[in-house]
Amino acid sequence: MSQKSINVLWFEVTTPGRYKGEDCIIGGWQDSLETILRGCPEIKLTIAFESICQQEQNNIEGVDYVPIFVKENRLGRIRNKWSGVEHTKKLISSAVNLVNKIKPDIIHVFGTEWLWGLIAKETTIPVVIHMQGSLIPYYNAFYPPGYSPIDVFRSSYLNIKEYAIKFLNDHKVKTFTTLEYDVYKYVNYYMGRTKWDHALVNILSPGSSYYHVEEALRDIFFVDSTEAWKIPEDETIRIFSTGCGSFWKGPDMLLKTASVLKNAGVHFEWLVAGNMWEIMKKTVERKERKKYDDNNVRFIGYISPEEIVKILSKSTIYVHTAYIENSPNSICEAQCLGVPTVSTNVGGISSLVEDGKDGILVPANDPWLMADSIISLTSDKRRMLELSKNSRKKALARHNTENIKNQLLSCYNSILKIGNS
């Protein structure tokens, strides 16, 4: 007997790559999960997302894509930069209209921090949130120890426009953090993958149901053994990191660690993918009285997945310096390629990396231990190979597409049985 079709409505935080007709670097894991779900004949999928302009709804290979555009006048655009509350209300109103139109069996929202989950207050259709990060604990680590908005102001060098943008963004994040409590209040179902996000759900949404669903990765990181990481032949320690767009990513920790390595006489180069906001870079360098360029750190901007694979495969190690994270894709991608990893032990990272077995974990804001871990690991080729083998085996099993598909379908079916009981 064939299974009854499930009508699923997704609310995504970025424009789907297939709708744009290109490889989407940002939000790639959502595109990857979509690819997995496309192989399920029992799923009828609609994907809604906010659009910055009026765009047409489209059906591509059986998936309906629905852009949601909220037109704002000049005053509305200004208010949205300040708090986003009124804009969010309009988005949720549009989302409710879409729900009433297509009548899904289940609503799947990506992330608590983007506030699509507030739709749970307006509908009886079950809403499940796919955990990403969470603003409540992130805001608690919004600035590194010893840093404050005053440091950003002092580093703006009277660039009032640049500082104003940062100031408005900080206030909006604070507002969204407050609204996120309501998301946890009204949503009763969550899918996550770490002890950290499970704990958040237990504390902030007591009595809710939690389902373990691993994160989908882009296919390009599933290489065969001949293309996987191998120990570089030269003596230069090649460090790679990604993500530097916020203070909670630990840009200060990165600079301090690089400085410790340089002062220790280590021959290394450190490439960082992603764009760092210029005023943040100035703030860190002013506060630490050091320059990234003087400490062998080079920012290479946004790069394609193909370039990431190429750089990772030739790197000595991957290093992650964040103050708070859930399950960063960057670590998962490095593990899939077998790149030895050194990371701060924060948030959900310990669910990805077991210290001493498939990576090295150090406390946040301890550049001396991180530097020593980098030196010790890279001087021990046997240990590097062991960590590489263990992390690759673990990651390939964790991100197996068939397992993720079964976990996701099991989550949907369980929620629908509860909702219909």
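The values are calculated or read from the model by the stated rules, or taken from the named source; none is laboratory data. This is a predicted model, so every value here is computed, not measured. Cβ: placed from backbone, ideal geometry, glycine included. Neighbour counts: every protein chain shown.
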Any residue at all in segment 338-355 that is assigned to a helix (DSSP H, G or I) and of a type in the set (D, E, K, R)?
no
Single residue of VAL173, VAL183, VAL152 found to be of a type in the set (Val, Ile, Thr), assigned to a helix (DSSP H, G or I) and modelled with pLDDT of 95 or more
VAL183
Would you check if there is a residue in segment 387-406 being in a helix (DSSP H, G or I), among the β-branched types (Val, Ile, Thr), over 23 Å from the mean Cα position of the chain (by Cα) and buried (at least 21 other Cβ atoms within 10 Å of the Cβ)?
no
Qualifying residues in segment 241-297 (those that are farther than 25 Å from TYR157 by Cα and without any contact (Cβ under 8 Å) to a residue 12 or more places away in the chain) - the one surrounded by the fewest Cβ atoms within 10 Å (Cβ to Cβ):
GLY265
For residues that are in contact with a Lys or Arg (Cβ under 8 Å, 6 or more places away or on another chain) and of a type in the set (Ser, Thr, Tyr), scanning just segment 298-322, find the one that is surrounded by the most Cβ atoms within 10 Å (Cβ to Cβ).
THR321
Need pairs with beta-carbon distance below 8 Å; first residue closer than 20 Å to PRO328 by Cβ and within segment 199-219, second charged (D, E, K, R) and outside any helix (DSSP H, G or I); sequence gap 6+ or separate chains.
HIS212/ARG193; VAL213/ARG193; GLU214/ARG193; GLU215/ARG193
Return the pair list, or none, for Cβ contacts closer than 6 Å from residues in segment 109-128 that are touching a residue at least 12 places away in the same chain (Cβ under 8 Å) and hydrophobic (A, V, I, L, M, F, W, C) to residues that are surrounded by fewer than 21 Cβ atoms within 10 Å (Cβ to Cβ) and part of a loop (DSSP other than H, G, I, E, B), at least 6 apart or on different chains.
PHE110/VAL13; TRP114/VAL13
Please determine, by comparing only the residues of segment 231-240 that are at pLDDT 95 or above and surrounded by fewer than 22 Cβ atoms within 10 Å (Cβ to Cβ), which one is nearest to ALA322 (Cα to Cα).
ARG238
Which residue, of ILE129, ILE125, ILE107, is more than 15 Å from GLU12 (Cβ to Cβ), assigned by TED's automatic domain parsing to the domain that holds LEU408, at pLDDT 95 or above and not in a helix (DSSP H, G or I)?
ILE125
Among residues belonging to segment 55-74 that are of a type in the set (S, T, N, Q) and closer than 22 Å to ILE92 by Cβ, point out the one that is surrounded by the most Cβ atoms within 10 Å (Cβ to Cβ).
GLN55
So THR46, is it assigned to a strand (DSSP E or B) and among the hydroxyl-bearing types (Ser, Thr, Tyr)
yes
Within segment 323-346, can you find the residues that are closer than 12 Å to VAL362 by Cβ and either touching a residue at least 24 places away in the same chain (Cβ under 8 Å) or aliphatic (A, V, I, L, M) (or both)?
THR341, VAL342, SER343, THR344, VAL346
Which one of these does GLU386 not meet: (1) charged (D, E, K, R); (2) more than 26 Å from GLN30 (Cβ to Cβ); (3) outside the structural domain of SER241 (by TED's automatic domain parsing)?
(3)
Consider GLU233 carefully, then state whether it is free of Cβ contacts under 8 Å to residues at least 24 places away in the same chain, of a type in the set (Asp, Glu) and over 26 Å from ARG286 (Cβ atoms).
yes
If we scan segment 186-197, do we find a residue that is within 19 Å of the chain's Cα centre (by Cα), surrounded by fewer than 14 Cβ atoms within 10 Å (Cβ to Cβ) and more than 30 Å from SER94 (Cβ to Cβ)?
yes
Only unsatisfied item for TYR211, checking (1) loosely packed, with under 14 Cβ neighbours inside 10 Å; (2) at pLDDT 95 or above, is (1)
Filter result (under 16 Å from LEU352 (Cα atoms), in contact (Cβ under 8 Å) with a residue 40 or more places away in the chain and of a type outside the set (Asp, Glu)) within segment 183-198:
GLY192, ARG193, THR194, LYS195, TRP196
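In segment 53-79, which residues are in contact with a His (Cβ under 8 Å, 6 or more places away or on another chain) and touching a residue at least 12 places away in the same chain (Cβ under 8 Å)?
Residues satisfying the conditions are VAL70, GLU72.
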Which residues, counting only those in segment 110-122, are among the aliphatic types (A, V, I, L, M) and part of a loop (DSSP other than H, G, I, E, B)?
LEU115
Taking only segment 111-141 into account, find how many residues are more than 16 Å from LEU179 (Cβ to Cβ), in contact with a helix residue (DSSP H, G or I) (Cβ under 7 Å, 6 or more places away or on another chain) and crowded, with 19+ Cβ neighbours inside 10 Å.
4
